[in-house]
Amino acid sequence: MATRNKTLRARLGGLLLAALAPAALSSCAGPVPTHDGPPSDHFDGERFFNDPPMDKDFFDFLRWRFSRDPGTWNTDLAPPEAPPPPPRVEGETLRVTFVNHATVLIQARGLNLLTDPIWSDRASPFARIGPRRHLAPGVAFEDLPRIDAVLISHNHFDHMDLQTLRRLAERDDPLFLVPLANCAYFGDIPTRKCVELDWWDSTDALAGLRIHAVPAVHWSRRGLFDTNRALWSGWVIDGPQRIYFAGDTGWGEHFAEIRARLGAPDLALLPIGAYLPRWFMAAQHIDPAEAILATDVLGATTGMAIHHGCFELADDGQWEAQRTLETLLEARPDGAALFWSPAHGEARQWD
């Protein structure tokens, strides 16, 4: 009986926190962004949307929070035993290092790029509330080479970590590439190099690389009043190899469209975690089986697993996504060559 009461109190506490969180976040999330562009197939003149739209609302969120059956998570903040990345990678060589979560260091043609960097202890605006880090970053911030550009997929706290972005701006003054209406969140971050792109927009701001913003099936919010006021996206980097970074995404026709418009990627960075329960998470996060399917639909030479093992954001256990992925790949003759599931801090190089 005591255990049951403790579980009930924990669920009620989580439910209360979930109910209060949006109001709390709205008080510290800064200005509500606006976009003045014309309506499009993903913008109605006020807010961005997917077609078909997501069918989950706040009551579904409360239903999930109250009925959660989370898997096991452990915390190990010991840094991995991996050498720091080199300052630069020149020529036609591509080097990719999995830091963890959706943070990946991409080194090509003498340039260093980071995707959705987060070195903070929590994916939250608060020091003591919100998803906490269960693994140390695979690369210490002090060991990062000078960063030339940062690609942000959307404004959720585990992908747009303003504390880390401020550290990068103060140290390296990189170019920040973001989907439409996201520069408004940068506030007092000391940079004027924030560039917004719509889906299918491209930039040649980095000599030797062409970068495209591409569609994703997701949503955006950091506070109570800014739901879908800012766009979300994936990114394609054209250089010595073509790299696709999905950010956060549910399943959709955009995978086939990206291949049709931009060509098959050599490497596809695909999220595999935060996928349970499917009735709630499928609209915003693909699962390990869909990550493999996306690799096939994209025609990617290699898929790479990201977005797992670091922050507890859904009901899947810490290593559940990775184990499921590996089991599925074992059933395919080409599984070992098709998909790379790196350890945190692990790097791979292509010539």
For this session: Determine whether H285 is more than 16 Å from G247 (Cβ to Cβ) and buried (at least 18 other Cβ atoms within 10 Å of the Cβ).
Result: no
For this session: Determine whether the range 214-222 contains at least one residue that is under 27 Å from F255 (Cα atoms), open to solvent by 40 Å² or more (accessible area, probe 1.4 Å) and aliphatic (A, V, I, L, M).
Result: no
For this session: Looking only at the range 296-333, count how many residues are closer than 16 Å to L135 by Cβ and among the β-branched types (V, I, T).
Result: 1
Exercise. Does the range 140-151 include one or more residues that are at pLDDT 95 or above, part of a loop (DSSP other than H, G, I, E, B), open to solvent by less than 10 Å² (accessible area, probe 1.4 Å) and under 30 Å from F49 (Cβ atoms)?
Worked result: no
Exercise. Restricting the search to the range 72-121, which residues are open to solvent by less than 30 Å² (accessible area, probe 1.4 Å), not hydrophobic (A, V, I, L, M, F, W, C) and not in a strand (DSSP E or B)?
Worked result: P85, T93, H101, G110, D116, P117, S120
Exercise. For the range 250-282, what are the residues that are open to solvent by less than 30 Å² (accessible area, probe 1.4 Å) and under 19 Å from W64 (Cα atoms)?
Worked result: G250, G273, A274, Y275, P277, F280, M281
Exercise. Are any of the residues in the range 236-249 over 20 Å from the mean Cα position of the chain (by Cα) and hydroxyl-bearing (S, T, Y)?
Worked result: no
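Name the residue, out of W64, W119, W73, that is hydrophobic (A, V, I, L, M, F, W, C), at negative phi and at pLDDT below 90.
Criteria check complete, one pass: W64.
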Exercise. Only one of (1) in contact (Cβ under 8 Å) with a residue 24 or more places away in the chain; (2) more than 21 Å from D238 (Cα to Cα) fails for P52. Which number is that?
Worked result: (1)
Problem set entry | Qualifying positions in the range 316-340 - open to solvent by less than 30 Å² (accessible area, probe 1.4 Å), part of a loop (DSSP other than H, G, I, E, B) and without any contact (Cβ under 8 Å) to a residue 40 or more places away in the chain | none
For this session: For R128, indicate whether it is in contact with an Asp or Glu (Cβ under 7 Å, 6 or more places away or on another chain), surrounded by fewer than 19 Cβ atoms within 10 Å (Cβ to Cβ) and of a type in the set (K, R).
Result: no
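The values are calculated or read from the model by the stated rules, or taken from the named source; none is laboratory data. Please read these numbers as outputs of a predicted model, since none were measured by experiment. Cβ: placed from backbone, ideal geometry, glycine included. Neighbour counts: every protein chain shown. To get the accessible areas, we keep the full protein, side chains included, count just its heavy atoms, and leave off ligands, DNA and RNA. Shrake-Rupley method; radii C 1.70, N 1.55, O 1.52, S 1.80 Å.
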